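Just below is one structure, and these are the notes that go with it.
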Amino acid sequence: MSTISARLAQFRKILVFYGRFLPSFTAIGYHARRLFWPPYAQRLDGQTWLVSGASSGVGQAIALEAERRGARVLAVARNAERLRDLTRTLDRDAEGGAPTGHIEVRAVDLSLKNEVHRLAQSLLQEGVSVDVLVNNVGLMLGRFRQTPEGHETSFATNLLGQYILTETLIQGQGLRRGGAVINMSSGGMYNVPLAIGPMDARDAASYNGVRAYALAKRGQAALVQHWAQVYGVSRDLQFYVMHPGWSDTEGVRTAMPRFRRILKSVLRTPAQGGDTALWLGTVRPRGTNPEGFWLDRAPRSAHAYPHTRHPRNQPAELAQYLQSVSNPQAPGVPTP
């Protein structure tokens, strides 16, 4: 194929992609769908919510709104200064007399297994019972980076750390019966099937940040299926994977500047992106298909293209692999 033909093919692919998803994933879809949403009781008094990636963007919006509705919120992120900014925002809200809950900040690098284990163990030792765990933290990298523990950084942040935190809390009875786990995925997962092998990249030569992000996000969806099967009935827990739509966050501004520049006028706000997480965590709909990919308070298909319906691996295999490398002392090993 000539260079011109290749570019035309790529251009057509982009046009089809945006033509298909732009009306649904942007604020256009959000505003159209919300017209038909019934009201629901929003108070969260007496509940404990743990939100990762809470220092900015969608995670911050979820943490602030859950706190405003009366929840005790454990806001977790790497940047301690931004977490302090979050508490200052809450202080200003409290001065205005708004009914609020309580927020506690925990500075944790969620790409490091050792720090995630330490966070989970400290919560268990403190006797914390989490009603809703929102695995929101995520990042897309433009170049290959590896953690000191030997894992590709976006894989460690977007998937491995979330697996460790969730599993440790479940095993230690740190998630209250009747509670919920919400994985914040992305429409990027629509482009790839579940495939463990390329998830934890080993070198820069074969690294593609967009693909690494998509693979981890597909992995989040697979974990929800696994957890629902293993713990849904036995622990009386609900598991959901959701898509916040295309939201105007710092992550988008940093990782996808051209995308944001073109679509800025129709991108969702972080609060709009986090709305479904708040709804899921409050209502906790039961009897739903764990393969449902939630967007705007309704489950959508987890597949947009036929090739992703034929995974190289199954959810249980992914969980088994993540468990095999979850020990803080275990170095990264080649994925199967």
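The values are calculated or read from the model by the stated rules, or taken from the named source; none is laboratory data. Note that the coordinates shown come from a computational prediction; the quantities given were computed from them, not determined experimentally. Please note: Cβ atoms are built from the backbone with ideal geometry, for glycine as well, and neighbour counts cover all protein chains shown. Note: accessible area is taken over every heavy atom of the protein model, side chains too, but ligands, DNA and RNA are not part of it. Shrake-Rupley method; radii C 1.70, N 1.55, O 1.52, S 1.80 Å.
If you put +1 on each Lys and Arg Cβ and -1 on each Asp and Glu Cβ, how big is the dipole of the stretch 180-248 around its Cα centre, in Debye rounded to 20?
Details: 5 positive and 4 negative charges, 23 e Å.
Once rounded to the nearest 20, the dipole reads 100 debye.
Which length gain, in nm to one decimal place, applies between residue 114 and residue 31 when the Cα-Cα distance is subtracted from 0.36 nm times their residue separation?
Values: separation 83, 0.36 × 83 = 29.88 nm, distance 4.17 nm.
Contour length minus Cα-Cα distance gives 25.7 nm.
Using a Gaussian network model of the chain with C-alpha springs under 10 Å, which one of 298, 63, 205 is most mobile by mean-square fluctuation?
For the chain, modelled as a Gaussian network with Cα springs under 10 Å, the answer is 205.
Considering the options 101, 48, 155, tell which one lies farthest towards the positive end of the dipole of the stretch 23-167, charges being +1 on Lys and Arg and -1 on Asp and Glu at the Cβ, about the Cα centre.
Of 101, 48, 155, it is 155.
Please name whichever of 287, 311, 327 sits farthest to the positive end of the charge dipole of the stretch 274-327, dipole taken about the Cα centre and charges placed at Cβ: Lys and Arg +1, Asp and Glu -1.
Selected residue: 287.
Please give the per residue accessible area of the stretch 47-152, computed with a probe of 1.4 Å over protein heavy atoms only, in Å². Each step should come with its number before you reach the end.
Details: 4340 Å² over 106 residues.
I get 41 Å² per residue for this part.
With +1 assigned to the C-beta of every Lys and Arg and -1 to the C-beta of every Asp and Glu, and no other charges, what is the dipole magnitude of the stretch 161-276 about the Cα centre in debye, to the nearest 20?
Using Cβ point charges on Lys, Arg, Asp and Glu, the stretch 161-276 gives about 340 debye.
Taking every DSSP beta bridge that has both residues in the chain, what percent is antiparallel when rounded to the nearest 5?
Values: 4 of 31 bridges.
Around 15 percent of the beta bridges assigned by DSSP in the chain are antiparallel ones.
Just to be sure I understand the model, the point goes 7 Å from the Cα along the line to the Cβ. What's the resulting residue 87 to residue 291 distance in nm?
4.6 nm
For Cα Rg over 2.2 N^0.38 Å, several values are listed as [x] 1.00; [y] 1.18; [z] 0.96; flag the one computed from this structure.
The listed entry that was calculated here is [z].
With +1 on each Lys and Arg Cβ and -1 on each Asp and Glu Cβ, how big is the dipole of the chain about its Cα centre, in debye rounded to the nearest 20? Write down the numbers at each step before the final one.
Working: 39 positive and 25 negative charges, 253 e Å.
So the dipole magnitude of the chain works out to roughly 1220 debye.
If the chain between residue 20 and residue 305 were fully stretched, how many nm would it gain, using 0.36 nm times the residue separation less the Cα-Cα distance?
Values: separation 285, 0.36 × 285 = 102.60 nm, distance 1.18 nm.
Result for the pair: 101.4 nm of gain on full extension.
Estimate the FRET efficiency between residue 208 and residue 104 by the formula 1/(1 + (r/R0)^6), using the beta-carbon distance for r and 45 Å for R0, to the nearest 0.05. Spell out each step's value before the answer.
On the way: r = 37 Å, r/R0 = 0.83.
In this case the efficiency is close to 0.75.
Using a 1.4 angstrom probe with every protein chain in place, what is the largest-first accessible-area order of 321, 40, 18? Mind dumping the intermediate values first?
Working: 321 15, 40 45, 18 75 Å².
Output order, biggest surface exposure first: 18, 40, 321.
Give me the 1.4 Å probe accessible area per residue for the stretch 182-293, excluding ligands and nucleic acids, in Å². Don't skip to the end; give the middle numbers.
Working: 4280 Å² over 112 residues.
So the stretch 182-293 comes to 38 Å² accessible per residue, rounded to a whole number.
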